[in-house]
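Have a look at the structure below, then the notes.
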Amino acid sequence: MRAGPGATVNWRSLALGALWVQVAALFGVSAYALWAGGFGPDGVLGALEAFLAGLVMAWWTAIFARVSLGEAVAPGDGVLRALTLAFPWLSALRGGLWLTLLLALISGAGADANPVALTALMTVWAGAVMASNAMYGALVRLAPAPGDLLARTRLLEWLNVSAALSLGMGVLNAVPIAGFSTPPTLASQLVYGLSAALDVLATLLAWQALRRAPLPPKP
C-alpha cells in the first residue's frame, strides 16, 4: 500500500531496525569467519573482531535509541559505560590488524600486486578504523547532553564519513587484488558484501534519524 501525501517517514524506526539487523549480522560474520578460517589464527582474529564489533554496535544502538528521542543518558549508565570501555579496544584490535598487514607489505608481501590498489586498500582501511572510532566516541560525548548542537554536528559528520568508508571497504573486501589476495569464494563475497551494504544502509539511516531527532527542551 502506498503512503498518502501527508504520510511521513519514521526515520528513527527505520534506523533502529537496520542497526539491530546489523548487530545480528556482525555476530553471524563472526561465526562465519571462524568456520571459514578453519578455526586457525586468522579465523580466530577475524571472528574476534566481528564479535567485538557486534557488542560495541549493540551498545551504540541502545544509546542511539535514547539520544534520537532527545533523552539524555547519565554518565554512570551501565550501557554507556560498557560502550565507553569497549570501543577503544575494538579500534586497537582493528589498528593492530592494519599494522600487521603494513609490516607484511614492508617485508615484501604483495610485491607482484598493483601498488595503487594496495595503497587504496591501506588508506581506506585506516580511514575506516579512525572514522568508526570517532563515530563511537562522538555518541559517547553527545549522550549526556543530546541538546549540544556542536556534539550532534560532529556525530552527523562522522556518520557521513563512516558510511562512505564502509562502502569502500565493502568493495575492497569483495574484489581481490591480483598478486596479493586469493580470489574469494562466492559465500565469502556474499557474507562480507551484504554485511558492508547493511553497514552503509544502517549508518545512513542513523544519520537521517539524528538529523530529524528532537532537541530536548531547554531547562
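The values are calculated or read from the model by the stated rules, or taken from the named source; none is laboratory data. This one's a predicted model, so the numbers in the text were calculated from it and none came from an experiment. For neighbour counting, all protein chains shown are included, and Cβ atoms are generated from backbone atoms with ideal geometry for every residue, glycine included. In case anyone asks, the SASA skips ligands and DNA or RNA and just uses the protein heavy atoms, side chains included. Shrake-Rupley method; radii C 1.70, N 1.55, O 1.52, S 1.80 Å.
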query: On the given criteria, is A53 closer than 21 Å to S162 by Cβ, of a type in the set (A, V, I, L, M, F, W, C), in a helix (DSSP H, G or I) and in contact (Cβ under 8 Å) with a residue 40 or more places away in the chain?
result: no
task: Residues being open to solvent by 10 Å² or more (accessible area, probe 1.4 Å) and within 18 Å of the chain's Cα centre (by Cα): count how many of those fall in region 58-78.
output: 4
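Among the candidates R152, R212, single out the residue that is within 20 Å of A62 (Cβ to Cβ), surrounded by fewer than 19 Cβ atoms within 10 Å (Cβ to Cβ) and among the basic types (K, R).
R212
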statement: Expected single match for surrounded by fewer than 22 Cβ atoms within 10 Å (Cβ to Cβ) and farther than 14 Å from L204 by Cβ among L142, L167, L172 is L172
- prompt: Can you tell me how many residues in region 9-27 are open to solvent by less than 60 Å² (accessible area, probe 1.4 Å), in contact (Cβ under 8 Å) with a residue 60 or more places away in the chain and either under 17 Å from V191 (Cβ atoms) or not in a helix (DSSP H, G or I) (or both)?
  reply: 3
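If we keep just the residues of region 81-101 that are in contact (Cβ under 8 Å) with a residue 12 or more places away in the chain and open to solvent by 50 Å² or more (accessible area, probe 1.4 Å), which is farthest from M57 (Cα to Cα)?
Looking only at region 81-101, we keep the residues that are in contact (Cβ under 8 Å) with a residue 12 or more places away in the chain, and these are 82-84, 86-91, 93-95, 97-98, 101.
Restricting the remaining residues to those that are open to solvent by 50 Å² or more (accessible area, probe 1.4 Å) gives 84, 88-89, 98.
Details: T84: 12, P88: 13, W89: 13, W98: 20 Å.
Checked region 81-101; the qualifying residue farthest from M57 (Cα to Cα) is W98.
Would you be able to tell me the number of residues in region 37-51 that are among the hydrophobic types (A, V, I, L, M, F, W, C) and surrounded by 19 or more Cβ atoms within 10 Å (Cβ to Cβ)?
Total meeting the criteria: 2.
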- prompt: Taking the stated definitions as given, is G137 part of a helix (DSSP H, G or I) and among the small types (G, A, S)?
  reply: yes
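Can you confirm whether S30 is open to solvent by less than 60 Å² (accessible area, probe 1.4 Å), of a type in the set (S, T, Y), in contact with a Leu (Cβ under 8 Å, 6 or more places away or on another chain) and over 27 Å from G193 (Cα atoms)? Break it down into steps so the answer makes sense when it comes.
On the way: open to solvent by less than 60 Å² (accessible area, probe 1.4 Å): yes; of a type in the set (S, T, Y): yes; in contact with a Leu (Cβ under 8 Å, 6 or more places away or on another chain): yes; over 27 Å from G193 (Cα atoms): no.
For S30, the condition - open to solvent by less than 60 Å² (accessible area, probe 1.4 Å), of a type in the set (S, T, Y), in contact with a Leu (Cβ under 8 Å, 6 or more places away or on another chain) and over 27 Å from G193 (Cα atoms) - is not met.
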query: What do you reckon, is L102 under 22 Å from L45 (Cα atoms) and touching a helix residue (DSSP H, G or I) at 6+ places or on another chain (Cβ under 9 Å)?
result: yes
query: If you scan region 104-121, which residues turn out to be surrounded by fewer than 15 Cβ atoms within 10 Å (Cβ to Cβ), closer than 30 Å to L159 by Cα and not β-branched (V, I, T)?
result: P115
- prompt: For L194, are the conditions met, namely being modelled with pLDDT of 95 or more and farther than 21 Å from D77 by Cβ?
  reply: no
- prompt: When residues of region 110-134 are filtered for being among the small types (G, A, S), at pLDDT below 95 and either within 13 Å of the chain's Cα centre (by Cα) or in a helix (DSSP H, G or I) (or both), how many remain?
  reply: 2
